[in-house]
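Structure first, commentary second.
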Amino acid sequence: MYEIWLMMNIAWELMLPAMPVLVVLLLAWVALMARARFSGGVSWRGGLGRAMLVGLVVAVVAFFTVPASLKSGLSEMGYWADWVTLLGLSGAAGAIVTVLLWPILSVRRPAH
């Protein structure tokens, strides 16, 4: 039980300095969704597939780069809580990219 509490505390402490950035990202997402919704010609399903593909690539790249950015490495990850935290941070990076790209990639552009 202590490990779960420790992992939640680590996640909270990592999130606190990033909170202003997360608020700005949320506002940007709302603005992008509103712009896409009212621009006409929106393919939500088509945009979601492409956005998820890019988000998956970002998550995989983040999996290998996050430890180095936190002055650590994959070789130093010997505890299950470390791996769960890394997976969570990588998944969050991929999810953020996905939700921000979704409305952008969903707007149909007229063919020239």
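Any read-out appearing in this document is the output of simple, stated calculations on the displayed coordinates, not a laboratory observation. Not measured: the values here are computed from a predicted model. So basically every Cβ, Gly included, is an ideal-geometry build from the backbone, and we count neighbours across all protein chains shown.
FRET efficiency for Leu56 and Met1, Cβ-Cβ distance as r, R0 = 41 Å, nearest 0.05?
With R0 = 41 Å, the Cβ-Cβ based efficiency is 0.80.
If I model a spin label as a point 7 Å beyond the Cα along the Cα-Cβ vector, how far apart are those points for Val107 and Lys71 in nm?
Going by the 7 Å Cα→Cβ label model, 4.2 nm.
Could you please state, rounded to a whole Å, how far the C-alpha centre of region 12-38 is from the C-alpha centre of region 61-112?
For region 12-38 versus region 61-112, the Cα centre distance is 16 Å.
With θ taken as phi - 60° and the coefficients 6.51, -1.76 and 1.60, list the Karplus ³J(HN,Hα) couplings across region 96-104 in order, rounded to whole Hz; mark glycine and proline as x.
Karplus values, whole Hz, x for Gly and Pro: 4, 5, 4, 5, 7, 7, 3, x, 5.
What is the Cα radius of gyration of the chain over 2.2 N^0.38 Å, N being its residue count?
Its radius of gyration relative to the 2.2 N^0.38 Å reference: 1.30.
If you fit an axis through the alpha-carbon atoms of helix 44-69 and take the longest principal axis of the Cα set of the chain, what angle between them do you get, 0 to 90°, nearest 10?
In the chain, helix 44-69 runs at an angle near 30 degrees to the longest axis.
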